[in-house]
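Visitor: Below: one structure in structure tokens.
The values are calculated or read from the model by the stated rules, or taken from the named source; none is laboratory data. On a predicted model such as this, the values are computed, not experimentally measured, just so you know. Every residue, glycine as well, gets a Cβ built from its backbone with ideal geometry; the counts of neighbours run over all protein chains shown. Accessible surface areas use protein heavy atoms only, side chains included; no ligands, DNA or RNA. Shrake-Rupley method; radii C 1.70, N 1.55, O 1.52, S 1.80 Å.
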Amino acid sequence: MEWAPVYLYGQPSGIYTKTITLLQEGELLTHLGLTAFEAITGFIIGTTLGSLCGLALWLSDTAARIFRPIIVAINGVPKIALAPLIVVWFGVGIGAKVAIAASLTFIVALITVYQGTKEIDIDLIKLMRSLGASNRTVWKKVIIPGSVPWIMSTLRLNIGFAMIGAVVGEYISAKQGIGYFIYNAGAVYDLNAVFVGIFGLMFLALLLDYILIKVEEKFKW
């Protein structure tokens, strides 16, 4: 209705037309596929390592006290500040985007899962120990199963963080990916294309969330 300039806000019909064109050319799916690969790979690496480290910290209060200020300090640093180091270490290819996504998801998983181990019923732990269970047995039989809800919660959180890492990495240096696509479209004021990229990311997030819901259903206790 021309209430607002199209070049500043885009246009529903223009977004639709752009989407159809990009799908027919295969460009949109190519960018989304690469970003999905980077995000999922970083998600798996970061969440797995972070969850394992969070569980392992329960085994030693001394180690937990030593690493806690380090973890808090690292968590307080915006991960975008690490981008120059990651680019130098991993190059400008897919590895850098995966590394950024993994670094974001690692710290979230570590903190969340470790906190989950501290929330487990202390009476259950005392009961196990009164029956002669070793620290390692308590860890295997009580701590790990009791932390599953926290791990699943971490998975849901880390979907967004993994996608942030992948897209930020593509903003910094990339030749493909939905972050690269959105950045370039914005640079030439193609707002329709920007919205296509944003909606593509939303679709990808919903798809990954749906997959995790199905996985979570397998872990109902």
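Visitor: For the stretch 56-82, name all the residues that are under 24 Å from the mean Cα position of the chain (by Cα), over 27 Å from Ala166 (Cα atoms) and not in a helix (DSSP H, G or I).
Guide: Trp58, the sole residue that qualifies.
Visitor: Could you tell me which of the residues Gly169, Gly200, Gly165, Gly179 is closer than 23 Å to Leu29 by Cα, modelled with pLDDT of 90 or more and of a type outside the set (Phe, Trp, Tyr)?
Guide: Gly200
Visitor: Is there a residue being more than 30 Å from Ser134 (Cβ to Cβ) and in contact (Cβ under 8 Å) with a residue 60 or more places away in the chain anywhere in the stretch 50-68?
Guide: Looking through the stretch 50-68, none of the residues is more than 30 Å from Ser134 (Cβ to Cβ) and in contact (Cβ under 8 Å) with a residue 60 or more places away in the chain.
Visitor: Let me ask something additional. Give all pairs with beta carbons closer than 9 Å in which a residue from the stretch 117-145 that is part of a loop (DSSP other than H, G, I, E, B) meets a residue that is open to solvent by less than 100 Å² (accessible area, probe 1.4 Å) and among the polar types (S, T, N, Q); count only pairs at least 6 apart in sequence or on separate chains.
Guide: Pairs that qualify, where the first residue is part of a loop (DSSP other than H, G, I, E, B) and the partner is open to solvent by less than 100 Å² (accessible area, probe 1.4 Å) and among the polar types (S, T, N, Q), are Glu119/Ser147; Ile120/Ser147.
Visitor: Separate question: Considering only residues that are crowded, with 18+ Cβ neighbours inside 10 Å and charged (D, E, K, R), which ones fall in the stretch 156-189?
Guide: Hit for the stretch 156-189 is Glu170, nothing else.
Visitor: Please pick out the residue among Ile143, Ile111 that is modelled with pLDDT of 85 or more and more than 30 Å from Gly179 (Cα to Cα).
Guide: Ile143
Visitor: Please find, within the stretch 190-217, the residue that is nearest to Ile40 (Cα to Cα) out of those that are charged (D, E, K, R) and loosely packed, with under 13 Cβ neighbours inside 10 Å.
Guide: Among those residues, the one meeting the criterion is Lys214.
Visitor: Of Ala185, Ala162, which residue is under 30 Å from Leu23 (Cβ atoms), more than 19 Å from the chain's Cα centre (by Cα) and part of a helix (DSSP H, G or I)?
Guide: It is Ala185.
Visitor: Right, next: So for the stretch 173-184 (the condition being in contact (Cβ under 8 Å) with a residue 12 or more places away in the chain and among the charged types (D, E, K, R)), does at least one residue qualify?
Guide: No; the residues of the stretch 173-184 include none that is in contact (Cβ under 8 Å) with a residue 12 or more places away in the chain and among the charged types (D, E, K, R).
Visitor: Moving on. How many residues does the stretch 90-105 contain that are open to solvent by less than 60 Å² (accessible area, probe 1.4 Å) and in contact (Cβ under 8 Å) with a residue 24 or more places away in the chain?
Guide: Residues flagged as open to solvent by less than 60 Å² (accessible area, probe 1.4 Å) and in contact (Cβ under 8 Å) with a residue 24 or more places away in the chain within the stretch 90-105 amount to 10.
Visitor: Let me ask something else. Going residue by residue through the stretch 82-89, is there one that turns out to be touching a helix residue (DSSP H, G or I) at 6+ places or on another chain (Cβ under 6 Å) and either modelled with pLDDT of 90 or more or more than 30 Å from Ala174 (Cα to Cα) (or both)?
Guide: No, every residue in the stretch 82-89 fails to be touching a helix residue (DSSP H, G or I) at 6+ places or on another chain (Cβ under 6 Å) and either modelled with pLDDT of 90 or more or more than 30 Å from Ala174 (Cα to Cα) (or both).
Visitor: Same structure, new question: Restricting to the stretch 146-155, name every residue that is in a helix (DSSP H, G or I) and either open to solvent by less than 70 Å² (accessible area, probe 1.4 Å) or in contact with a Pro (Cβ under 9 Å, 6 or more places away or on another chain) (or both).
Guide: Listed by number, the residues that qualify are Gly146, Val148, Ile151, Met152, Ser153, Thr154, Leu155.
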